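The values are calculated or read from the model by the stated rules, or taken from the named source; none is laboratory data. Please read these numbers as outputs of a predicted model, since none were measured by experiment. Please note: Cβ atoms are built from the backbone with ideal geometry, for glycine as well, and neighbour counts cover all protein chains shown. For the accessible areas, the whole protein counts, side chains as well, though only heavy atoms, and no ligand, DNA or RNA atoms are used. Shrake-Rupley method; radii C 1.70, N 1.55, O 1.52, S 1.80 Å.
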Amino acid sequence: MAKIRVTKEFTFEMAHALWNYDGPCRNIHGHSYKLFVTIIGDTIEDKNHIKQGMVMDFTDLKQLVKEHIVDYFDHSVVINAGADKPEIQKVKQMFEKLYIVNYQPTCENLVTHMAALLVDKLPDHVQLYSMKLVETATSYAEWFASDND
Ligand SMILES: [Zn+2]
């Protein structure tokens with residue numbers, strides 16, 4: 001039996017705006033995000049188990065991440081609830097899939113939110129090890145379970 005980390009990669013489109021920020025990201029704009037989800041667990045040793053030799057079936061991991069994260073955020077607009085009310089009203093009229101969150105939707109805070117959405121949805125025999133959210137070709141943020149015990 002070996003302890004193994006297994007990673008699956010996802011892509012989705014999302015728009016955001018950083019309220020009260022002193023750079024161009026204060027305007028609503030989009031990214032093609034990449035999300036790497038890494039779980040850790042022991043490989044299944046039971047020779048009669050249909051998932052023998054796997055930590056978790058990639059297909060099952062894909063389904064969980066798709067259901068709880070990708071389908072939720074894909075083609076959405078995420079803005080900070082701290083923005084001025086009239087500004088939020090304007091945005092509300094324009095977008096159907098709008099999330100007004102209680103945090104600044106930076107890459108760092110988004111990956112923390114995404115980890116929280118998945119951490120208790122995994123089967124008992126595996127744990128969420130880390131998540132890496134890639135915002136641009138040269139920028140990403142990582143969440144590690146070990147950093148957040
Ligand atoms: Zn951005």
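Some observations on this one:
- Listed values for region 52-59 are Karplus-derived 3J(HN,Hα) couplings in whole Hz (6.51 cos²θ - 1.76 cosθ + 1.60, θ = phi - 60°), namely 3, x, 10, 7, 7, 4, 3, 5, and x replaces Gly and Pro.
- Each peptide in 46-56, 104-114 receives the mean, over its residues, of other Cβ atoms within 10 Å, and ordering these scores from highest gives 104-114, 46-56.
- 3J(HN,Hα) from dihedral phi, region 104-117, Karplus parametrisation 6.51/-1.76/1.60, rounded to Hz, x for glycine, proline: 6, x, 7, 4, 4, 6, 5, 5, 5, 4, 5, 4, 5, 5
- Whole-number percent relative contact order across region 78-142, with pairs defined as alpha carbons under 8 Å at least 6 apart: 29 percent
- GluC sites (Glu not before Pro) restricted to region 50-100 and DSSP loop, no more than 10 other C-beta within 10 Å: E96
- Ranking H75, H29 from most to least accessible surface, computed with a 1.4 Å probe over the protein chains only, gives H75, H29.
- Of the trypsin sites (Lys or Arg not before Pro) found in region 84-149, those that fall in a DSSP loop while having at most 16 other beta-carbon atoms within 10 Å are K97, K121.
- Accessible area (Å², per residue) of the chain, counting only protein heavy atoms and a probe of 1.4 Å: 60 Å²
- Cα centre as origin, Lys/Arg/Asp/Glu Cβ charges: the chain dipole, Debye: 280 debye
- Relative contact order of region 1-63: 37 percent, from C-alpha pairs under 8 Å at least 6 residues apart in sequence.
- Put simply, the amide H of Y99, placed in the peptide plane, has neighbours under 5 Å in V77, V78, I79, leaving out anything fewer than 5 places away on its chain.
- Taking every Cα-Cα distance in region 1-64 and sorting them into 5 Å bins starting at zero, the pair-distance distribution P(r) comes out as 4, 15, 16, 15, 11, 9, 9, 7, 7, 4, 3, 1 percent.
- Carbon/sulfur fraction of accessible area - the chain, other protein chains in place, 1.4 Å, %: 49 percent
- For the chain, average projected area of the Cα convex hull in nm²: 10.0 nm²
- Here the Karplus curve 6.51 cos²θ - 1.76 cosθ + 1.60, taken at θ = phi - 60°, turns the phi angles of region 24-38 into couplings of x, 6, 6, 8, 5, 8, x, 9, 8, 7, 10, 10, 9, 10, 10 Hz, with x standing for Gly and Pro.
- If you count Lys pairs in the chain whose Cα atoms are under 14 Å apart, skipping same-chain pairs closer than 8 places in sequence, the total is 9.
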